[in-house]
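Single-structure report; data block below.
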Amino acid sequence: MPPVEDAPRVLLMACARNEAPYLPEWIAWHRLIGVQQILVYTNDCSDGTVRMLQRMQQLGLATHAFNTGLTRDGAQMPPQQRALRHVRKHPLYAEAEWFLHIDIDEFLVIHAGDGRIAGLLAEVPEADVIPIAWKLFGPDGRFHLGRRLLTEGLVDCEGPSHAESPPRTFKALTRLSDQLNRYGVHRPGFRAEARRSIRWRTPAGRAVDHLADGGYALAGEVGDAVAQLNHYALRTYTAFLGKQARGSSARPGRAFDAEYAARHIGTGTTDLALWHERRRLRTARDDILADPTLAALWQKARSIHAMRTRSALRRKEGLTLLAEVHRLDRPQGGLKRRLRQWFAKARGAGGRPG
């Protein structure tokens, strides 16, 4: 995936804690759509995430930074806030024209032009900030992905936006300027004297300049026919158990429970945008994993996550959470039957579910 000489200089940043199994697909996808600089901050990892990112940095695929050190009023800042403050001092930030902060479970999908980020920017050349709304996906009835890509296996999601749609959370693609004075997790902040001159545009070009006053949600038609941010917050049932055990990379103490799942699950509509890209994306991911060091680290991370899943399933709390998430995803029920099938299949294959 060689760089494109005239591509916009976009810096994509993420924070990660124990995300190793998902990194190759996520990085491969965003490189495919024309993001040339990817910066990932890590904290408190125990699954090989750091070693994978360090190897990716050696290969020129991404840049790694440790998320440590910053305090506020003598107290440790939440990890994402630390990283968003530090990034403005990073050399990659100084070289960038645009900046986007997302998570490893979020995938930018562009329908404009050839699907690359240059096509999105060409749709709204006057924009200073482009709020790209989440499209929430659910576990799609899956306990685990098996050999599937995440974006191949999960296609069940919330429907497209329309004029009467309730507000949808967004992440903001931001043109860098000296008018910026801070970044939040979802959006930038600007100097008071500049706020009224900043042009906020949805991917479809609708002016939403009221967002200068605050907020991180878009109501009505959000421009998802042009671009969307696929958010796989739960991934699969068992992945969500792992997420609960791991805890948040953004806010220590945040609960990944049934209430969180209910707010972040999308069902009822099929979105095949990334399913149609599965062959191209698998090739790009496999190109990354052609490096023997990365491949070994990836396989070890998958084993670690499978072991942690088995541990969670031995606890009553884990099984209760799995049942609650299954009820949100598949209200018609059938969990006991599906669990019996799943365990029987694992035993027949000589393995254990994970």
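Each value in this text was obtained by applying a stated rule to the coordinates, not by laboratory testing. Please read these numbers as outputs of a predicted model, since none were measured by experiment. Cβ sites come from the backbone with ideal geometry, for glycine too, and all protein chains shown count toward neighbours.
Of the residues Met13, Met77, Met56, the one with the fewest other Cβ atoms within 10 Å heads the list, and the complete ranking is Met77, Met56, Met13. What the phi angles of region 137-146 give under the Karplus curve with 6.51, -1.76 and 1.60, with θ = phi - 60°, is a coupling list of 10, x, x, 6, x, 9, 6, 7, 8, x Hz, glycine and proline written as x. As a proxy for reagent exposure, ranking Asp287, Asp271 by other Cβ atoms within 10 Å from fewest up yields Asp287, Asp271. Basic side chains Lys and Arg get +1 at the Cβ, acidic Asp and Glu get -1 at the Cβ, and with that the dipole of the chain about its Cα centre reaches some 1800 debye. Computed 3J(HN,Hα) for region 161-169, one whole-Hz value per residue from the Karplus formula 6.51 cos²θ - 1.76 cosθ + 1.60 where θ = phi - 60°, is 7, 8, 4, 9, 5, x, x, 10, 5, glycine and proline marked x. Taking amide H as placed 1.01 Å from N in the peptide plane, the amide H of Ala227 sits under 5 Å from that of His111, each at least 5 places away or on another chain.
A straight line joining the Cα centroids of region 118-186 and region 18-90 runs 19 Å. Spherically averaged projected area of the convex hull of Cα atoms, the chain: 18.2 nm².
Sites counted here are trypsin sites (Lys or Arg not before Pro) in a DSSP loop (not H, G, I, E or B) having no more than 15 other Cβ atoms within 10 Å; the longest part of the chain that contains none of them is 10-146.
Taking 25 Å as the limit for the C-alpha separation, the pairs Lys135/Lys316; Lys243/Lys300; Lys135/Lys300; Lys135/Lys243; Lys243/Lys316 exceed it in the case of Lys135/Lys316; Lys135/Lys300. Based on DSSP H segments of at least four residues, each scored -39500 (n - 2.57), the chain has a per-residue ellipticity at 222 nm of -10500 deg cm²/dmol.
Loop-resident GluC sites (Glu not before Pro) (DSSP state other than H, G, I, E or B) in region 114-173 with no more than 15 further Cβ atoms inside 10 Å of their Cβ: Glu126, Glu164. Using C-alpha pairs under 8 Å with a sequence gap of at least 6, the mean separation divided by the residue count of the chain gives a relative contact order of 21 percent.
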